[in-house]
1. Using only the alpha carbons, work out the radius of gyration and Dmax of the stretch 75-178 in angstrom.
2. For Tyr99, Tyr122, Tyr65, what's the largest-to-smallest order of accessible area, 1.4 Å probe?
3. Can you classify the stretch 44-93 as rounded, prolate or oblate using the Cα gyration tensor, where a ≥ b ≥ c are the square roots of its eigenvalues, rounded means a/c under 1.5, and otherwise it's prolate if a/b beats b/c and oblate if not?
4. Students often get this wrong, so check it: of Lys84/Lys160; Lys51/Lys117; Lys84/Lys117, which have C-alpha atoms separated by over 32 Å?
5. Of all alpha-carbon pairs in the stretch 64-118, indicate the percentage at a distance above 15 angstrom.
6. Out of residues 5 or more away from Val57 or on other chains, whose amide H comes under 5 Å of its own, with H placed 1.01 Å from N in the peptide plane?
7. Wrap a convex hull around the Cα atoms of the stretch 118-178, take a quarter of its surface area, and give that in square nanometres.
Amino acid sequence: ATGSSLTQDDEQLDFADAVESSDAMDDALTGSGMLAEHAADSGILEIGNPKASMLLVFTNFSCDYCQDFAQNFLPQLQEDFIAKGKLRVQTIVLPLKKYPNSMLESAALICATKQGKGRLLYDALFATKARSRSNILTIARENEFDVAAFQSCLDTDQTKQFQTEQQDIITGLHVSLI
């Protein structure tokens, strides 16, 4: 497979056509009509075809520019590229000291992604300014997460390890904010 096409019996197929012609359709879309997501390495939220070109997005739920990307540009990328198998998006929360809930939000996205609800939480956190632990748990309850597992996950060593690994990615790529 290269780019957005797959080779099958010497015939080039667009990824969307290949998905429609196989049982992979159930894997490509969730019941909500949103693209399938999964936890990539280090608990990173990934949406789209795992073999497509990757866009790595660093975000913070208190960042107005990040919210603008999430609400205005990501849906267009999803329609034009992700749904067609040409692009996958990985998202890492960039915790910032000036936003005390950043680490909690990072953990919450990791834990929601484990349950296949990372994109749902991603959208919900951008839709609210109240992102305390109790409000995040309310979002989880209202959206039928396994709340006990989600709440437990927020404080596990594995989640903290994923956060450290994600921070190492951020540092290794020299990502910073001015």
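The values are calculated or read from the model by the stated rules, or taken from the named source; none is laboratory data. Computed from a predicted structure; not experimentally measured. The protein model used for the area step is the full one, side chains on, heavy atoms only, and it has no ligands, DNA or RNA in it. Shrake-Rupley method; radii C 1.70, N 1.55, O 1.52, S 1.80 Å.
1. Over the stretch 75-178's Cα set, Rg and Dmax evaluate to 14.4, 38 Å.
2. Highest to lowest solvent-accessible surface, that is Tyr65, Tyr99, Tyr122.
3. oblate
4. In this structure, Lys84/Lys160 lie more than 32 Å apart at Cα.
5. Working: 900 of 1485 pairs.
Tail fraction, whole percent: 61.
6. Placed amide hydrogens put Gln90, Thr91, Ile92 under 5 Å from Val57.
7. The number I arrive at for the stretch 118-178 is 5.3 nm².
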